[in-house]
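Okay, so here's the structure we're looking at.
The values are calculated or read from the model by the stated rules, or taken from the named source; none is laboratory data. As the structure is a prediction and not an experimental result, all values here were calculated from the model. Quick reminder, even Gly has a Cβ in these numbers, built from the backbone with ideal geometry, and neighbours come from all protein chains shown.
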Amino acid sequence: FRVLMLGKAAGLQKTDASIEDIFPDDFYLSCVNDAFGLSIKMDDLPADGSDMITKRVEAVLQSKYGKEALDKRRVFAELLNRDKASDLPNGTIKNAAKLFQTINRAFSSS
């Protein structure tokens, strides 16, 4: 999936998206904060450029905390600590289901 296609397939309202964008931005940011022991706020994230949460978080990690890049594995490990569907924010399951339905339709028609 290209970045633009993933957002459309999952029904997201972003101009570009990655798999992390099926989660609400504030939820993903809380996973980042827990994974890195930080307290980045939504207001800290840049509003210009990409609206992908990973790109926005990475910009803050680089400029404010001197990190080379966002280590998505650390964030994913934190996300796995919230392993129950009931721990996920509203809309996440719906976004993921829509994404997988779109993928399944694309492969079933080929």
Do we have A77 as modelled with pLDDT under 95, not in a loop (DSSP other than H, G, I, E, B) and not basic (K, R) here? yes
Select, from A97, A47, A59, A69, the only residue that is without any contact (Cβ under 8 Å) to a residue 24 or more places away in the chain and closer than 17 Å to K14 by Cα. A47
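With respect to L4, is the statement that it is assigned to a helix (DSSP H, G or I), at pLDDT 95 or above and at negative phi true? Spell out the reasoning first.
Details: assigned to a helix (DSSP H, G or I): yes; at pLDDT 95 or above: no; at negative phi: yes.
Considered against the rule, which asks whether it is assigned to a helix (DSSP H, G or I), at pLDDT 95 or above and at negative phi, L4 comes out as no.
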Working only within segment 9-39, note down all residues that are in contact (Cβ under 8 Å) with a residue 24 or more places away in the chain and part of a loop (DSSP other than H, G, I, E, B). G11, L12, K14, T15, D16, A17, S18, F23, P24, L38
